[in-house]
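Report on the structure given below.
What follows draws every value from the coordinates through simple rules; no lab data is involved. No experiment lies behind these values; they were computed from the predicted model shown. Every residue, glycine among them, receives a Cβ derived from its backbone with ideal geometry; neighbour counts consider all protein chains shown.
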Amino acid sequence: MSIGLPQQGEYAPAFERYVARVRAISRPREELPAQRARVMARLSPLSEEQAQFRYAADKWSVKDLIGHLCDTERIFAYRLLRIGRGDTTPLPGFEENDYARAAGAHQRPYSDVLAEWAVIRDATSALASSLSDRDWANKGTSNDAPTTARALLYIILGHTEHHLAVLEDRYRV
């Protein structure tokens, strides 16, 4: 059964750019492992040197960007867990640049950072598989906005697609 597409009002307006990237996906649970395979096929061949690349001095390296994907997916998946399980406790936002600085992905081996993302995605896929069809309509609050479990799944997919486009456009990866 389809979980349905999130509608405006099911997520903060700032996330529309992510949802818009994946709105055509009708089976988002199945898209999680498919997107994982595409990301790994695209990024696994990069060398440590290539992963250190920054397109400008004050921008994230490829490793930093993947570290950002790790932290952000963890946070979005945590929101998905809470809201999917019916918890309506408001969930705060986070400052991505603070997390990126604290993560220190640029100091770690590239293969470790990429492997970490793959494991996180596997955990997100397992979580998505654990939710019943009715759980996807559960609504909570994150970033001071109404948020549904369904919207969070599309946000996770769209956020990754957004950064894949950034990697192509700005990093030539």
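Assorted remarks:
- Computed on the chain, with alpha-carbon pairs under 8 angstrom and 6+ residues apart, the relative contact order is 42 percent.
- Exposure proxy ranking, count of Cβ atoms within 10 Å, fewest first, for 64, 112, 135: 112, 135, 64
- Computing FRET efficiency as 1/(1 + (r/R0)^6) for residue 50 and residue 130, where r is the C-beta to C-beta distance and R0 is 35 Å, gives about 0.45.
- DSSP H segments from the chain that extend 24 Å or more along their own axis, Cα-based, with Kyte-Doolittle mean of 0.0 or above: 62-84, 110-130, 149-171
- Long-range HN-HN contacts of residue 142 with modeled amide H, under 5 Å: 91, 147
- Its Cα centre serving as origin, segment 17-160 has a Cβ charge dipole (Lys and Arg +1, Asp and Glu -1) of approximately 520 debye.
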